[in-house]
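**Q** Below you'll find the structure I mean.
The values are calculated or read from the model by the stated rules, or taken from the named source; none is laboratory data. Here the structure is a predicted model, which means the values were calculated and not measured. Here the Cβ is made from the backbone with ideal geometry for all residues, glycine too, and neighbour counts use every protein chain on show.
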Amino acid sequence: MKGATTIQERLWDLRKEKGLNLEELAQLTKISKSALASYESKDNKEINHGNLITLADFYGVSIDYLLCRTENREQVNTPLTELHLNDEMVALLKSGRINNRLLCELATHKDFIKFLADIEVYVDGIASMQIQNLNSLVDTVRHEIIERYRPGEDDPYLRILQAAHIEDDEYFSHMIQDDISAVVRDIRAAHKSDSESAPSTTIAEELKQDLEDVANFKGSPLEKQAALYCKRLGINYNKLSDAEFRQLVHILEKSKFFKSYVGQRKKRK
């Protein structure tokens, strides 16, 4: 997950929030569909100044927000004193050492408040006394049973009482871990389609698919091997000219992993 949003991503996000396709947005803003598409393209370098104002007004955001100079749509120029952040936190947020975008998503998740509340309960020791009281009660009952009935160490009731003993550190560790795990899973799911996220298929699965495709490829053993290399390199084998193919084979023959076959590639008709 990237720490900063690009202008192209912001324009795409805003359009998707409105539930519009490019054609609908073009009709509403009077900006051509091709221009809008280019603004959301990774190769886009600049946006017409007039169109920039039009889009900012249409989405109800500032130009600074549209240009990713700020992450604030509504809370613009909020005084720092209202945020109740100490100097260390302000310095950290300004340092670029952490992913502020991810931090914002964590803090604004619907279950993050529960996560902080559980941490606060643990840090303040609010529940520790109650847990200790419960443990004392369990220990008292256990000792009373031992004194009265003299059961063996393997007695199931004694073992149940022993298992009922709660370690507050372990208890809160599990609870806090469950809280943050749920939050992180949701954020991960929300970014599953991001280009920076890991692919859903493994390298082994991709290679297996490539091998199956090449096995069905009609051509000489040399062509099949070259086709496999092309697939792994993301090259469209069918678009190679005969000259390009010969150059490719010449380069691949320098590899100890490439087996050369006698024969020539058939000319395309």
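**Q** Which one of these does Ile187 not meet: (1) of a type in the set (Val, Ile, Thr); (2) more than 30 Å from Thr5 (Cα to Cα); (3) at pLDDT 75 or above?
**A** (2)
**Q** Those residues that are surrounded by fewer than 16 Cβ atoms within 10 Å (Cβ to Cβ) and in a helix (DSSP H, G or I), I need them from segment 13-34; list them, please. Don't jump to the end; show me each part of the working.
**A** Narrowing segment 13-34 to residues surrounded by fewer than 16 Cβ atoms within 10 Å (Cβ to Cβ): 13, 16-19, 21, 23-24, 27-28, 30, 32-34.
Residues satisfying the conditions are Asp13, Lys16, Glu17, Lys18, Glu23, Glu24, Gln27, Leu28, Lys33, Ser34.
**Q** Looking only at residues in segment 204-244 that are exposed (fewer than 13 other Cβ atoms within 10 Å of the Cβ), over 20 Å from Ser255 (Cα atoms) and not charged (D, E, K, R), which one is modelled with the highest pLDDT?
**A** Step by step, filter segment 204-244, then rank; the result is Ser241.
**Q** Please go through segment 148-168 and give me each residue that is surrounded by 10 or more Cβ atoms within 10 Å (Cβ to Cβ), of a type in the set (D, E, K, R) and over 15 Å from Leu134 (Cα atoms), ordered by number.
**A** Scanning segment 148-168 gives Asp155, Arg159.
**Q** Right, another one. For segment 92-118, give me each residue that is over 30 Å from Leu161 (Cβ atoms), part of a helix (DSSP H, G or I) and over 17 Å from the mean Cα position of the chain (by Cα). Talk me through it step by step, then tell me what you get.
**A** Initially, segment 92-118 is screened for residues over 30 Å from Leu161 (Cβ atoms), giving 92-117.
Pick out the ones that are also part of a helix (DSSP H, G or I) and you get 92-95, 100-108, 112-117.
Result: Leu92, Leu93, Lys94, Ser95, Phe112, Ile113, Lys114, Phe115, Leu116, Ala117.
**Q** I would also like to ask the following. Within segment 43-61, is there a residue that is assigned to a loop (DSSP other than H, G, I, E, B), under 18 Å from Ile7 (Cα atoms), of a type in the set (A, V, I, L, M, F, W, C) and in contact with a Lys or Arg (Cβ under 6 Å, 6 or more places away or on another chain)?
**A** For segment 43-61, residues assigned to a loop (DSSP other than H, G, I, E, B), under 18 Å from Ile7 (Cα atoms), of a type in the set (A, V, I, L, M, F, W, C) and in contact with a Lys or Arg (Cβ under 6 Å, 6 or more places away or on another chain): present.
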